[in-house]
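Heads up, the thing below is written out as structure tokens.
The values are calculated or read from the model by the stated rules, or taken from the named source; none is laboratory data. Predicted model only: the values in this text are computed from it and were never measured. Reconstructed Cβ throughout: ideal geometry from the backbone, glycine too, with neighbour counts over all protein chains shown. Calculation scope for accessible area: heavy atoms of the full protein, side chains included, ligands and nucleic acids excluded. Shrake-Rupley method; radii C 1.70, N 1.55, O 1.52, S 1.80 Å.
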Amino acid sequence: MLKKIIRLDTHNFVHLIAISGITFGIPVSKAIMSISMVLLIINLLLEGDFHSYWDNMKKNKLYHLVLSFILLKICSVTWSSNLNYAIHDLTITLPLLVIMTSLTIKPIIIKKHLHLILTLFVSSTTLASLINFVLYVNLIGDLEYSDIRGMSIFSSHIRFGLSISFSVAIL
């Protein structure tokens, strides 16, 4: 029934929703991004097309390149003098691995869906920028900022700056 309504099978629809949640959550909310990643992993496991996943991973050379850097990072934990920071650094890298692997094993093929996802990312970055600006100039609230880097209330100023730069590149 769901396939008749949305003209997609359920797993492709959930995949699109999860990827959309990740792209919306990058500039706005780590919680939305994390929940979407869990939904994405569960959907891929429930779909169970592991042979196709494996073929897609074997064919993608860029995936192998990025994965080799991540594996090198994992191996570098053995010679790290600060094990706590090394583990922390690996946990920061984990979302990159999840998103990269998910998009490699089940890529977004339909251009309309890719356009929707990129539009959603630019829209959420614009929304976050407007909210940050309105709060910074005290149109809403009375927050005091000691530094302009505090203007980014949803995520770190570095991640937010990268989101803005990527949005400009998309436009």
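Note that the stretch 54-71 has calculated 3J(HN,Hα) couplings of 5, 4, 5, 5, 5, 6, 8, 6, 5, 4, 4, 5, 5, 5, 5, 5, 5, 5 Hz, one per residue in order, obtained from phi through the Karplus relation 6.51 cos²θ - 1.76 cosθ + 1.60 (θ = phi - 60°); glycine and proline are x. Only lysine pairs 8 or more places apart, or on different chains, with alpha-carbon atoms under 20 angstrom apart are counted in the chain, and they number 8. For the stretch 41-47, 3J(HN,Hα) computed residue by residue from phi via the Karplus equation (6.51, -1.76, 1.60; θ = phi - 60°) reads 5, 4, 4, 5, 5, 6, 5 Hz, glycine and proline entered as x. Straightening the chain between Leu83 and His113 buys 6.7 nm, computed as 0.36 nm per residue apart minus the Cα-Cα spacing. Once the chain from Ala169 to Lys61 is taken as fully extended at 0.36 nm per residue, the excess over their C-alpha distance is 36.5 nm. Computed from phi, the 3J(HN,Hα) profile of the stretch 158-165 under the Karplus parametrisation 6.51, -1.76, 1.60 (θ = phi - 60°) reads 6, 4, 5, x, 5, 5, 5, 4 Hz, with x in place of Gly and Pro. Averaging over all projection directions, the Cα-based convex hull of the chain occupies 13.4 nm² in the image plane.
Cβ-Cβ distance of Leu46 and Tyr136, R₀ of 41 Å, FRET efficiency by 1/(1 + (r/R0)^6): the value works out to about 0.40. Contact order normalised by length for the chain, with contacts defined as Cα pairs under 8 Å and 6 or more residues apart; what percent is it? It rounds to 27 percent for the chain.
With protein chains left intact and a 1.4 Å probe, residues in the stretch 82-143 average 64 Å² of accessible area per residue.
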